[in-house]
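K.L.:
Right, I'll just put the structure down here and ask away after.
Throughout, read-outs are computed from the coordinates displayed, never taken from laboratory work. Just so you know, these numbers come straight off a predicted model, no measurement behind them. For neighbour counting, all protein chains shown are included, and Cβ atoms are generated from backbone atoms with ideal geometry for every residue, glycine included.
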Amino acid sequence: MNLLTAAQRDWAGTLCSGLCLSHCLLTPLLLASGALGTLGAALATETIHWALLAPVLLFAVLSFPAGVKHHGRYLPAMIAGAGLLLLLLALLAGETLEAWLTAAGALAMWAAHGLNRRWSRG
């Protein structure tokens, strides 16, 4: 029994990807401004990165195989695979590349969920 419809899974995946992108872009700015204090330091930890990646992976596993089965197109799953690879590489990369890889991976996931949602409708 599925608790979420295909469209809801893709919306949730899009939301998670947006949160990753927002975290990636806003945390350094907020840290530099000193606006977050201790909370800002917590947002920059590796634990937060893994915690954000977990739902992205979950919704990818729930969305893309079902999408391929429904609409028969592999492109969203391929884009998502590239996005997930970029997000995983971002966790392993140094600080210089981390933001770029995370942004690219999150945007790829966002696009993949959008295509999957569009093609699952019609």
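K.L.:
Which of the listed residues, LEU26, ASN116, ALA90, is farthest toward the dipole's positive end in the range 6-121, when Lys, Arg count +1 and Asp, Glu count -1 at the beta-carbon?
P.N.:
Working it through, the farthest residue towards the positive pole turns out to be ASN116.
K.L.:
Towards the positive end of the charge dipole of the chain, with charges on Cβ (+1 Lys, Arg; -1 Asp, Glu), say which of GLN8, ALA80, THR47 has the farthest Cα.
P.N.:
The one lying farthest along the dipole's positive direction is GLN8.
K.L.:
Here is a follow-up. In debye to the nearest 20, how big a dipole does the range 6-121 give about its Cα centre with +1 on each Lys and Arg Cβ and -1 on each Asp and Glu Cβ?
P.N.:
The dipole magnitude comes to about 660 debye.
K.L.:
Which label belongs to the value computed from this structure, given these candidates for Rg/Rh (Cα atoms, Kirkwood Rh): (1) 1.03; (2) 0.94; (3) 0.96?
P.N.:
The value computed from this structure is option (1).
K.L.:
While we're on this one: Can you tell me the FRET efficiency between ALA32 and ALA7 if r is taken as the Cβ-Cβ distance and R0 is 35 Å, rounded to the nearest 0.05?
P.N.:
0.40
K.L.:
What does the charge count near ARG73 come to, summing +1 for each Lys or Arg and -1 for each Asp or Glu among other residues with Cβ under 13 Å from its Cβ?
P.N.:
Charge balance in the 13 Å sphere: +4.
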